[in-house]
Structures are given as C-alpha cells and as structure tokens.
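Enquirer: Quick one: the structure is below, questions incoming.
Read-outs throughout are calculated quantities, based only on the coordinates presented, and are distinct from any laboratory measurement. Please read these numbers as outputs of a predicted model, since none were measured by experiment. Here the Cβ positions follow ideal geometry from the backbone for every residue, glycine too, while neighbour counts run over all protein chains shown.
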Amino acid sequence: MKEFTHKNATTVDEAVSALQGGNAAVIGGGTDLIGTLRFHCLPDSLDPDVIVNLKTISPSLDYIEDDGGTLKIGACTRLEDIAKSSVVQDGWTALAEAAHMTASPHIRESGTIGGNICQVNRCWYFRKENNRFDCLRKGGGMCFAMMGENRYHAIYGAVGGCIAVNPSDTAPALVALGATIVTSKRDIAAADFWDVAIPGSTVLDDDEIVTEIQVPAFSGKSAFVKFALRKSIDFPVVNCAAAIGSGSASICLNAVYNKPVKLTAAEESIAGQTIDEASAETAAAAAGQGTVPLTNNAWKIQIAKAMVKKAILACA
Amino acid sequence: MAPLYQTREEYNYIGKEGVRRKDGYEKASGTGLYTRDVSFPGMLIAKPFVSPYANCKIISLDTSAVEAYPGVRFVLRYDDPWWSENGWTRGNASYGWGAQYDDLLGQEGFFEGNRMGFAVVADTENICDEALRLAVIEWDVLPFYVDPEAAIEPGATILEPDVNPDTNIRIDTREGGSRDVMGDVQAGFDASDKVIEWVWSEEEETPAAAEPGVAVAVWRGEYLDLYAHNQVPLTTTETINRYFGGALKINVHSLYQGGQFGFANWIFPGGYKTFTMLAAICAQKTGRPVKFLFDQMYWHNRSYENGVYYLKCGFNMDGTINACEQLVISAAPEFNAKMMHGTKIPNFNGMHLCPHFNRAGNVCYRHGMRSCALMNNFFAKVAVETGLDPTEIALLNDGCDGHDMDWVMENIKKPQDMPQRDSLQEVITIGKQKFDWDNRYHGPGERILPNGNYHGVGFVWSVGWANTPNQYLANFQGTVAIQRGDGHVRFLARHADGGWNHETSVCQIVADELGAAYEDIEYRPFDDVGQDAAHGEGSAGFIRTAVIAVEASRKAKQMLLERCCARGANDCDPLFPGLTPDDLDTKDSTIFEKANPENVKTFREAESYQRQQYPSITANHAITRVTWDTHYLTRQCSFIDIEVNPETGEIILNDLVDVNDVGKIVSPDTLWGQQYGGSTMGLSHNLIEAEVYDPATGVRLNTNLIDYKWFSFNDMPGPFSCNLVETGMSYGPYGLNGCSESLAATNSTILIYAFWNATGKWVSRMPLTPDKVLKALGKI
C-alpha cells in the first residue's frame, strides 16, 4: 500500500483545507477506500498522499434528525444506524431498506452514508489489483469491459466509453425520495449528484465534502428492492427504489449505468394508477426502453424490469 | 474381514455430543498461532513478483531500482547463480494436476499471477510491495489459452514446444493408458433399450482458507527450521531436502492454517512447497530468518471441478443402467471410483484428455465433486429419460464393482462378517421421511406456486469417500505418551489444521481406549515429533488416523498396567502388589483393581512411580499397508426443495435434507459441522461459484471475495437437516469411514435434476446463475 499521511480533521473547514493541499482523499468508514489502496487498483498518481478523517470532526457528522418533517442525516452516519432508525423506517422506508440491504452487517457497522453515495464506480477491470488495466476511467485508451467480460456492467450505454456502474444501494432511494446532498460548498439535488462523465463518480469538487443528506417529508409509500447473487453480502446486480404518493411516482434504478437512472416513463405509467400486477408490469416494461445490451449482460434488462415491478408492488 | 475393532456398547466419549473441541479456546479467543504470527528477531519479509500476463517470458530484467530501494536487503532473481550452483534446472519443477509447468521462480510466466522473475526480501511487507513495482522488464508476451477446449483445437498454437512440439495435450487416455475400464461398454449399449449422449460442463472454482500463503525459514547452522502450511509435513521435509541436495537437517512445524489441507502441499512439489523453498533460499542468502508471503495464492490455485464432459449412457426403461462412457476434457484426472465401485453398472469406460492451458495449477480441493458430478449426471439423465422417481433408480442400480446388492450381501458382507445392512436403503428411507419426498415429488414443471415460481425437488446419492485405512498415504504413525510429572496424556504426531476439529475425535478415541479423562489429553500437532498422522474425523483421512489412535492407546494402556504390577528399584513393591495387569483396568485417568475399585491410583502416580528406574510410557503405532479385500459399502444422499423465479432467474433454496452413513460416529459435533459446511459448499458450487477470465488477456478478473461469489451460511436455506447413520460397514476402526467434504461433493450438482423437475428444462452448464436460468426459460 502506498504510504500516506493521515489527518484527523476537527472541523469541516479543516478537512476542506487539507483537501486543498492536493492529491488527498477523505475517509469515513473506509470500506471502499482501503480496499482500493490495499490492492493497488489505481496508478500511483491517483492514490492519495493524504487521507483526511472525517469522523473526528466536531460537531459530529454522525446524526439522524427529523427536523420538522425533513430528515437530516450526517454524512458520517453509519449505514446500520440508518437501517435501524425508527425515524427513517417510518417516514422514509426505502432509505432504511436500502441501508439495511447494503453489504454485510460488519460493513454496515463501519460504512457511512457519505461513503456509500461517494464510492467509486464498480468494474472488475478498473479495480483489478496492481493497476493491471489502464482503462478509460484511469485515463487510459480503452474500456476493456466493452468487448470483454461485462456480465455486471451498464445496460443503458456507456459514458465517455466507460460502462462501469454506480453500485450504491442508498443512491436510488435518495433519488426516488427527492433528497438533497449538502456539501461544504452547496446543496445538490440527489438526481444531479452523480451526473458526471468519467473518471468521476460524483459532481463533487476535489476540495468539497458531503456533510449532510436531507430528505423531504414524504407521505406516500416507498420501497427499495435489490437483486444480488448473495443475500449475505453483495453489490447489487440491479437495485430499485420507488416512492409512490397520491398521483405521483418516483422510480430509480441503480447498478445499471454510471449513475442512478430515473425511470420517467415508468413513473408516468404508474402515477395515479391502482397498483396491481398488471399496472406494475406495464410500468416495469419501461425499464427496457433505451437499453443497450452488451455481449454478456442482456439478462440484467430482465432483472431490471423485475425489480421495477417488485418495487412498485411493494408500494401498494 | 470385519471392521477393525468391533464397536463396544458403551463409551465415555466416543459418539457423545458436546465434547469441548480441542482447538476451540485458541481459535475462539484469537490466541491460536498461525504461521503469519511467527516472528523472530531480525526476521525479514519476502514477496515474489507475479506475472501480469497469461503467458509470457522475460527478455530482460533490470532490478537495480528494486535493489536500491531503502529497506530492501536482497533480491532473488530467476538468473541468480544459486540455481545453477545447486543443480536447479527448469526440469526440477514439475507438472501438477492441471499440467501447468510450475517453476519456483522462473523466467516464464504460465498464467497471470504466476510468481516469476524475482522476489524481494526487505525489512517490511510494505517495502516489498513498493519495491516489487520498480523492476524494469522487457517482455515477450505469448499467445495463451484459458479455455481448455480451445487449447486442443486443431491448429491451436503450441504453448510449450520444448515439452511437446506437436500438441498441447498432456494426457490422453482415449486409446488406452490409465483410463478406467470395466466390462464391455459397447455390449452394454447394445443390450439397452435406449442409448443417449450429451455434453455437460461446469466452470472452475477457487478454494480459500483462513490464512493466505506463507512460509517462515530459520537456519540454525546445519539445521533448517521451517514453519509452513502442510497436509503431511513429512513430505515437506523430503522435498526440501531433495532440493537442497539431501544434506539438510530439517524441522517442520505446521501451525494453525484454517483449512484446505495445508494447500495440498504433498501433491506436487512445484506447487505449494514453493513458498517454503523460496523462504529457505532467501533465509540462506541473507543469513536471517525470512517470512515469505504470497497474498494472492488463493486466486492462483484452482480447484479442479471444471471440465467438459462428453457422456453416453445405455439403460433400460425400467431404470437399469447397462453402460456408461465418459470423456472429460479437464486439467485433472477423473475419479471414477464411485461409479465403478459403488454401483452395479457392469460396463464403464472413463477417459481423460488433459490439455495444457494458461490457468494456474489444479489441486484436489473438493475433488469428490468431480466424481459426484459425473454420477449425478448419469443418474439424473436416466431419471429424465425414463420419467422414473430418481430414488428408485438409485436403489435399482446400487451395488459394488458391477454386482448388485444381493451378490454383495452373499459374497462380501457375510463372508467378511460385516453388518448385513443396506446402507442406501437406510439413508433413502430416512431422507424420504424427513423430507416428505412422496408428497413433494412430482413430474417436471408440474407445480407452479401461488407466487408464480416453479417448484422443484432434487435427489442425489453417492458412495462413502474412503473405505480402507490403506487408502493413499500409508506411512502415518503416532504416539500416545503419558507425561511424567503430571500424568497428562499427549498424542504425538504432526498433522495439518484442516479447520474441522479433528484433534477432538482423536482425543475421544484415546480417552476411551486408554481409559483417560478427555480433559487430560492434549493433541497439539504443531511440533516436529518425527511422526505424521492423517486427519481427524472431519476428513476421510480419519479412517487412517483412528487406527493409530486405537492401537497406540491400547499399547500405552498395556504398558501402564504392566508398570503398575512391576516391582520397583531395590525390589520394592509395585503399585498394585500381588496383582497382574489382567486384574486391573483404567477409567478417568486412574488405574483401579477390578475386584476392588476402591484400590485406585492416578496416571500421575503410576507414571511417576519409580521414575528413576523406568522410562516414560510412550506407545507408538505406524500404519502398514495390508492387502484387504475392501469395498465401498456405505452411502449418502440428499434431497432438496427449490423454487425458480421465472422473472429473475433466481433459484430459491427452501429445504435440504442430507443423510450420511459414516459407519461409526466418534464426534457428532465434528461430523455435523462438516455436513453443514460441506452442503454450503456444494450448493454454492451449484449456484454461483465460477472463476472469470478476461478473454482478451487471460487475466483473472474476480480475485477477491466480492467479485468471486461464494456462499456463507447466511445464504443457506432453512430448514436444513443433516442426519448421520451408523451401519458400521466400513473397514476403519469400529466400522467408521470418516466423512470428509462428502456432502459438498454429493450436493455439488443436486440442482441438475431439481431444476429439470421444476421447469422441465435441462441445463448443460453449471453454476446455475440467473443468466443461464433466464436463458433456459426463454426469457432472454
């Protein structure tokens, strides 16, 4: 592992200042970052020289609050705490379910929601140890997955030639629930938070830190569903969150593209309708629109449809 | 030949639940010593460079920057003079199972991740990691094959022209050689109502255990102390000594390693002893203790289930199988023992074609899977073609060596004074009742559940893994010693930590046979005591270790009783004056007079009595190979209940019932652990495990436990019922045959039939991942 300087930030400003020194990264639970460093997945130039610990910031970024109907979650709040929070479970069910289905109990006890939404996109070529593949995401000349083993890759096409997927479980829930990501600089609608080309995963500047997630009050029903090969621990093959209220519907898929995918056609199809097998299936068919299956991942389109249907039915 | 040592009616420890496992405290508390925990003053760390290509050769290697990196103490290169000075040539390395030419640290890399080129010895692991990246290498990147069938297609590039300029095939038994042949296959096909042919294949798996690859070497003058993973430490001594010219005095210590048979280091010297060997060389070169690490070794030691099977079966429509023929294209040879020696199928032809291709070498992890996959295929296909209940087909074709069970009863069980029981009938009867098979079984695709899922049931059966103490390595030995001074009993023999509680079952036998309290018996297999034992009860190897434990314990007991009756120095009275050994017995670490149980002495008193006149009580027993007429008489079977979701392709495991005839139970806790663990492995094999390679580069892509999917217990179905049967129909002590990974093997392809039963679709490649299921169902 490349040697780095570890800094315990005591304030958000101090953390931002540390990031401004160049080639630095923040750490919350560390469940994504440490593995990437440990196995030399990235070229030296992309590995940080400085790691800034956010867990030492005061006042703590570890909290869950219902602020007059708006849910506020500190960026360093652990996923397990969100999953177990009755406040989240009762008012924003999809988010609690998404947190609960993330990874494994050990990782949920360490990993934070800030880390979960900021994690680097997933591709086994990109993350192969010893920086084996100099892919587009690292500034290289080609996407190895495009013509290679792409069974888990994007079904909605490439971004800048890259077909790595965003693997976050909480991301689609936040998008579906209309959340806002609060950073050290600004407020960003969740739907816009991941809207970037490679090599980034989020729109965050290099010296910008997520401090809080705000989710507006929601009076309908929401649900999160996930398809993974293992129940005990796994990234999603496809996940889906739905938030359906009176006359409105918000549906978001993830692990199918470089960012969460809002399914406008499905939302229009189900909004205001009685939720049943037929209406859910009709809406789910929209998940097939715009897909670009690769050599090995056409099965994910079928999974995506099934997940959309399941998420809608869970909101009945 | 009756079972060795008839079973007594009463035991204090054998067969009892809740016996505290011997390695439990150390493992649960974290105080257990693993090889990576070993540390010596001044010890250096070493790591090898690994090939970034699937097939390559170094044209030039510049390690000057590596050597100059602060903290680097030595760089061992493939062209170091040590190799030639010690007579090391490429020919010293060997082919392992898998036909990969696996050099210690060669100029060539035969698969991505193959250690090669050079190794760095430095002050810390991190310095090794950083220095390894500084070499400047000019490469000759060569053509490769990661698909074994592609490697043998006409016109394929020859991968090793110096080995064979004409072909990549290393083993071909189609025209003869060491293939498995019984009866007349063609005559069997001719006599059949129906003959079918099909192709079936499965992807390859990776094993993993608690501790990654490591070896520690410490030179003490002419002595070499090695700390290394092992299955049989003696073979490490033999191999390392041979490599060093036979002049070394070696002590091998095998600490906890967490499973995997010590990475099967006895199988091929070019494979797993590489770390031990490289540690020894680096320690010799630097004059300091060296710990050699290889973090990625799991991902470059393949299990060997993969293969393409060309299968042909002749059968009658009543379910009688007349002939089976198979050609398997795979790295490792096929085990056909279960089909040939555990059924009444009279005609069998098993052929093997082994290509050289650019994946890492195979080892025999889970190798029972291969033979069970073959057996399950044949029986499932006959059930599909005849429409008969698969349990009936199993019973109809049960037998030994081509003979039916009536013949076996008259010609084997009765003459050998074996229990006259029918193992398969018993395990199937129990399993059907517990599973409620008769109510759940139905025709293919006939039951759709209210949730829209297909419902299916599956059944498989197999044959006990090992039936004789002769099997495999017969040079095991061990000693039962009563410690002078405190009277506690030690079982002395190195063996590998297989991770399955095998010390406990050995100690249970010693306790009962010696008459000692279980708590007074210690088995720490770490130190080099000059003797090796096979595994304990979680392994089929227990059939061999149990012989040692019984015999050595009985000898020790006799010595103890004789000691109690012998006169002391200066002709003083014995401990039990006027009595003979026949008048005495032992219990709970005491010796007592049978006719007067109040007259009692402790082991400590007996062992310490007249200590200046008598040596300690130590009783050794070594297994010698004997020529018994042994047969596979015990059986096991499994039943599974599944659902298939037609929208996602997910297979949901609802219920599993396993029934295993282990002959005789010594430690039920150990056996259950192995049953549940094995079943988890087997179902994981059915559903998700598969290595994935990049087709363009031959680089393995899923070399971590996120991308390499593997079941944990949390992925298992419930309820989940493992059941043990004791027929005593094996040739080990008390009629035991151990248990091994048997259910991992038996269950490894249980979904072949279950999926067909659920959907009416036959799948030809495993694992049954959702993409394959959706394709079979016509969804994609």
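Enquirer: Return the loop-located GluC sites (Glu not before Pro) in segment B:1-76 (DSSP other than H, G, I, E, B) with at most 10 other Cβ atoms within 10 Å of their own Cβ; answer none if there are none.
Expert: For GluC sites (Glu not before Pro) across segment B:1-76 that sit outside H, G, I, E and B with at most 10 neighbouring Cβ atoms in 10 Å, the list reads B:Glu9, B:Glu10, B:Glu17.
Enquirer: Rg and Dmax of segment B:503-576, Cα atoms, in Å?
Expert: Reported Rg and Dmax, both Å: 15.3, 50.
Enquirer: Evaluate Rg over Rh across segment B:458-598, taking Cα atoms for both radii and Kirkwood's formula for Rh. Please list the in-between numbers first.
Expert: Values: Rg = 17.9 Å, Rh = 16.6 Å.
That ratio is 1.08, to two decimals.
Enquirer: Three principal axis extents, largest first, for the C-alpha atoms of the protein assembly as shown, in Å?
Expert: For the protein assembly as shown, the Cα spread along each principal axis is 99, 73, 70 Å.
Enquirer: Need one number: convex hull volume per residue for segment A:224-316, Cα atoms only, in Å³.
Expert: 91 Å³
Enquirer: If you don't mind, another one. Report, please, the projected area of chain A averaged over directions, based on the convex hull of its C-alpha atoms, in nm².
Expert: With the hull built on Cα positions only, its mean projection is 14.9 nm².
Enquirer: Within chain B, which complete DSSP H helices have Cα atoms spanning at least 30 Å along the helix axis and a mean Kyte-Doolittle hydropathy of -0.5 or higher?
Expert: B:542-565
Enquirer: Rg to Rh ratio, segment B:133-205, alpha-carbon atoms and Kirkwood radius?
Expert: On the Cα set of segment B:133-205, Rg over Rh gives 1.17.
Enquirer: Then there is this: With helices defined as uninterrupted DSSP H runs, which ones in chain A have an alpha carbon span along their own long axis of at least 20 Å and mean Kyte-Doolittle hydropathy of at least 0.0?
Expert: Counting only whole DSSP H runs, the qualifying helices are A:299-314.
Enquirer: Follow-up. Semi-axes of the equivalent ellipsoid for segment A:130-240, please: Cα gyration tensor eigenvalues, times 5, square-rooted, ordered largest first, whole Å.
Expert: Numbers: eigenvalues 150, 84, 27 Å².
Ellipsoid semi-axes (Å, largest first): 27, 20, 12.
Enquirer: At 7 Å along the Cα-to-beta-carbon direction for both B:Glu149 and B:Ala622, put a label point, then send me their distance in nm to one decimal.
Expert: About 5.0 nm separates the two model spin labels.
Enquirer: So which chymotrypsin sites (Phe, Trp or Tyr not before Pro) in segment A:36-112 pass both tests, a DSSP loop state and at most 16 other Cβ atoms within 10 Å of the Cβ? The partial results should precede the final answer.
Expert: Working: sites: A:Phe39, A:Tyr63, A:Trp92; in loops: A:Phe39, A:Tyr63, A:Trp92.
Here the chymotrypsin sites (Phe, Trp or Tyr not before Pro) that fit, given the DSSP loop and packing criteria, are A:Tyr63.
Enquirer: If you scale each eigenvalue of the Cα gyration tensor by 5 and take the root, what three semi-axes come out for segment A:80-185, rounded to whole angstrom and sorted largest first?
Expert: 31, 15, 13
Enquirer: Say the dipole of segment B:429-565 comes from +1 at the beta carbon of Lys and Arg and -1 at that of Asp and Glu; which of B:Gly530, B:Gly499, B:Asn475 then lies farthest toward its positive end?
Expert: Going by the Cα projections, it comes out as B:Asn475.
Enquirer: Give me a single rounded figure for B:107-114: the average over its residues of other chain Cβ atoms within 10 Å of their Cβ. Could you put the intermediate results ahead of the total?
Expert: Numbers: counts 0, 0, 0, 0, 0, 2, 3, 0.
The per-residue average across the peptide is 1.
Enquirer: Report the normalised scattering of segment B:537-644 as log10 I(q)/I(0) at q = 0.22 Å⁻¹, calculated by the Debye formula with identical scatterers on the alpha carbons.
Expert: Summing over Cα pairs of segment B:537-644 leads to -1.17.
Enquirer: In addition: Run the simple label-point estimate for B:Glu9 and B:Ser29 please: 7 Å along Cα→C-beta, distance reported in nm.
Expert: In this crude label model, B:Glu9 to B:Ser29 measures out at 4.1 nm.
Enquirer: How would you rank B:224-234, A:125-135, A:275-285, highest first, on the average number of other Cβ atoms within 10 Å across their residues?
Expert: My ranking of the peptides, most packed first, is B:224-234, A:125-135, A:275-285.
Enquirer: Quick one: which of A:187-199, B:660-672 comes out on top by average Cβ neighbours within 10 Å, and what's the full order, highest first?
Expert: Output ranking for A:187-199, B:660-672: B:660-672, A:187-199.
Enquirer: Another one. Would you kindly state how much longer the chain becomes between B:Asp585 and B:Asp436 on full extension, computed as 0.36 nm times their sequence separation minus their alpha carbon distance, in nm to one decimal?
Expert: Extra length from B:Asp585 to B:Asp436 when fully extended: 48.8 nm.
Enquirer: Given a Förster distance of 51 Å, report the FRET efficiency between B:Thr157 and B:Arg611 from their Cβ-Cβ distance, rounded to the nearest 0.05. Walk me through the numbers on the way to the answer.
Expert: Values: r = 72 Å, r/R0 = 1.42.
Efficiency at R0 = 51 Å is approximately 0.10.
Enquirer: Can you give the charge dipole size of segment B:494-608 about its Cα centre, rounded to the nearest 20 debye, using +1 on the beta carbon of Lys and Arg and -1 on the beta carbon of Asp and Glu?
Expert: Charge dipole, segment B:494-608, about its Cα centre: 220 debye, nearest 20.
Enquirer: Report, as a whole number in µm² per second, the diffusion coefficient that Stokes-Einstein gives for segment B:374-453 at 25 °C and 0.890 mPa s using the Kirkwood radius over alpha carbon pairs.
Expert: Using the Kirkwood radius from Cα pairs, D works out to 164 µm²/s.
Enquirer: Taking 0.36 nm per residue of separation and subtracting the Cα-Cα distance, what length does fully extending A:Lys185 through A:Asn23 add? Mind dumping the intermediate values first?
Expert: Details: separation 162, 0.36 × 162 = 58.32 nm, distance 1.90 nm.
Length difference between fully extended and current span is 56.4 nm.
Enquirer: Related question: Across segment B:653-780, how large is the tail of the calculated P(r) beyond 16 Å, expressed as a percent of all Cα pairs?
Expert: 69 percent
Enquirer: Something else: Please compute, for peptide B:766-773, the average count of beta-carbon atoms on other protein chains lying within 10 Å of each residue's beta-carbon.
Expert: Partner-chain Cβ atoms within 10 Å, mean over residues of B:766-773: 3.
Enquirer: Can I ask one more? Just to verify a number: FRET efficiency for B:Val141 and B:Lys194, C-beta to C-beta distance, R0 = 30 Å, to 0.05?
Expert: Between B:Val141 and B:Lys194 the formula returns 0.05.
Enquirer: Once you have the Cα-Cα distance between B:Ile448 and B:Ala247, take 0.36 nm times their residue separation minus that, and quote the gain in nm to one decimal.
Expert: Answer, rounded to one decimal: 65.3 nm.
Enquirer: Over all residues in A:124-132, what is the mean tally of Cβ atoms on other chains that come within 10 Å of each residue's Cβ? Spell out each step's value before the answer.
Expert: On the way: counts 11, 4, 0, 5, 10, 7, 7, 2, 10.
Mean inter-chain Cβ contacts per residue within 10 Å come to 6.
Enquirer: Using only alpha carbons, build the gyration tensor for chain B and give me the equivalent ellipsoid semi-axes, biggest first, whole Å.
Expert: The three semi-axes for chain B are 43, 40, 22 Å.
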